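Values quoted throughout were computed directly from the atomic coordinates according to the rules given, and no laboratory measurement underlies them. Fair warning: this is a prediction, and the values are worked out from it, not measured in the lab. In this analysis, Cβ positions are derived from the backbone assuming ideal geometry, glycine residues included, and neighbour counts consider all displayed protein chains.
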Amino acid sequence: MRDGRLAAGGRCCRRGRHARVRTMRARLADLLVGLSRFADLGFGLDGGTAATSGVLAARLARELNLESSEASACFYVALLTHVGCVGYASETARLFGDELAANAAAAHADHASVTDTVATFVPMLARGRSPITRVRVALRLLTRGSSWGEAYTTAACEVGRDAARRMQLPETVQTGMLHVYDEWRHGGDDIPISARVARLAGIAAVFSADGSPASGALRRRAGGMLDPMLVEAFVRAGLAVEPDADLRDTVLDAEPDPVVWTDDLVCVAEVFADLADLKSPSFLGHSRAVAALSLSAASRAGLSAADRRDLHLAGLLHDVGRVAISSAVWEKQTPLITDEIEQVRLHPYYSERIVAGSAELTHLAPLVGRHHERLDGTGYPHGCTAVDLTMPMRILAAADAYQTLREPRPHRPALPPSAAERAVLDRAAAGALDLDAVRAVVGGDVAIPTRAVPVPAGLTAREIEVLRLVAHGCSNAEIGARLVISRRTAEHHVQHIYTKIGVSSRAAATLFAVENQLLTSSGADG
């Protein structure tokens, strides 16, 4: 077995009020084979696209005779390229109506060619819409496409870099993530080799999944989006992934030496929990809160150490599948139509499939996928009844229901804790939730952790107030109105905060706030 310790790239995750549930050592690539489906779903791509990209990047790195550290960086940047897609999801949905369609269209377009962008992006994004909507989409792309693209890539790259740092991947991976959307025509050899290889591999994977030869798409982008030398090497070698291959085994076999391991599954799960919560400002902190409630309830209910560990991880990962549903649905303020309701009801299934892709996490899939099931059969997506639901499943369902009620939604305000407690107890009395599980959850309610260390980056109390509002999606004008300051002053605060913490996007600032426990309220589930 090849071996290698997880490279240090910064602290993984901060400890909250509860001590960590320690887990066995796991191979990071195995975790990411499954969790990379998060990026596929969030980017509107076929499942397995990110994993295929990782394999192709590793094979191209070998073809180029890159040293092991560079080859490993190519592999991990390719696996993680699209994890930052949630960073600008809300804004993209507001602009185009469906960020998943916009993401998929962007993945197929040659952004170095205005003609190809218009010919590819607009038809894909407008497919199935009315003629007037197609015209509106085209006009928005022409008038706001450039600024949207710049803001999108900034957020996605910064979020991707943050994810790599928190998983303690080396600086080469972090830097590659920050530049993975850079175009060859603008950066040339100054773009890190890991970013250039990963971008090429990602495009090849997208077109391979469509069943069309990747070589043509790559050659059309050579010298524009892509490094022409890399394109030539890729095409000359005839690199491909067999369509009938066991993708997980193929990815693990492709990982360059040394294999990367992690001793902290909770750290990796927290990264993807926070990414899932970035889907909409109203979701912030939800997954961590559910995990904390579940862990506390499991202890009160006398569950085994193994069940407590599993509930903690499942609580963090239970909502990763919501990336598969557009933010336009999650943020809708009016009643959902039937099709939108069905989309929402599928998000536990997507969470289940994401988790099931990892050998290390697959045993959590049934637990993750049943957090919206109910004892009386009224839940979703499987329609389970009491006989199908274990105590850990019942606790996770109760924790999710209770925490959701305490959080605001676009269509309703948050309930105070006492009202949320009464509501879940009423649901238990009606036979939907397990009464013992509910009592364990509300009896072990977990307060938001208080900071025991100095405020990071030298932020002032006023700047923390502003950062919280930024994280919850407020514009400069809204920040000014809430804090009774001018818009210009609010803008000055925001820019000063970004400079202090080293980011330039709302999404990256939000992750900073979450990681450093600077939010006073948490977000929501679907």
Check your understanding: If the label point is 7 Å along Cα→Cβ of Glu232, which residues in the stretch 183-209 have backbone nitrogen under 17 Å from it?
Key -> 184-185, 188-189, 197
Exercise for review: Output the relative contact order of the chain, whole-number percent, from Cα pairs under 8 angstrom with separation of 6+ residues.
Suggested key: 20 percent
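Where a ≥ b ≥ c are the square roots of the eigenvalues of the C-alpha gyration tensor, would you call the stretch 167-319 rounded, which needs a/c under 1.5, or, failing that, prolate if a/b is larger than b/c, or oblate?
Here the stretch 167-319 falls in the prolate category.
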Review point. Nearest 10 degrees, 0 to 90: what angle lies between the long axis of helix 265-277 and the longest principal axis of the chain (Cα atoms)?
Key: 90 degrees
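Under a point-charge model restricted to the Cβ atoms of Lys and Arg (+1) and Asp and Glu (-1), what is the dipole moment magnitude of the chain relative to its Cα centre, in debye to the nearest 20?
1400 debye
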**Study point:** In sequence order, calculated HN-Hα J values of the stretch 502-512 (Karplus, 6.51, -1.76, 1.60; Hz; x Gly/Pro)
**Key:** x, 10, 9, 9, 4, 4, 5, 5, 5, 4, 4
Check your understanding: How much FRET efficiency would the formula 1/(1 + (r/R0)^6) give for Arg488 and Asp190, where r is the Cβ-Cβ distance and R0 is 22 Å, rounded to 0.05?
Key -> 0.05
Revision key, fill the gap. Taking a ≥ b ≥ c as the square roots of the Cα gyration tensor eigenvalues, with a/c under 1.5 meaning rounded and otherwise prolate when a/b beats b/c or oblate if not, the stretch 265-443 comes out rounded
Check your understanding: Across 10 Å bins from 0, what is the distribution of all Cα-Cα pair distances for the stretch 479-519, in whole percents?
Key -> 30, 48, 22
Revision key, fill the gap. In nm, the gap between the two label points placed 7 Å beyond Cα toward Cβ at Asp339 and Thr115 is 3.4 nm
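Based on the mean of other beta carbon atoms within 10 Å per residue, what is the order of 131-144, 315-328, most packed first?
Put in order of decreasing packing, that is 315-328, 131-144.
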Point to revise | Relative contact order of the stretch 265-443, defined on C-alpha pairs under 8 angstrom at six or more residues apart (%) | key: 22 percent
Check your understanding: Cα-based Rg (one decimal) and Dmax (whole number) for the chain, in Å?
Key -> 22.6, 67
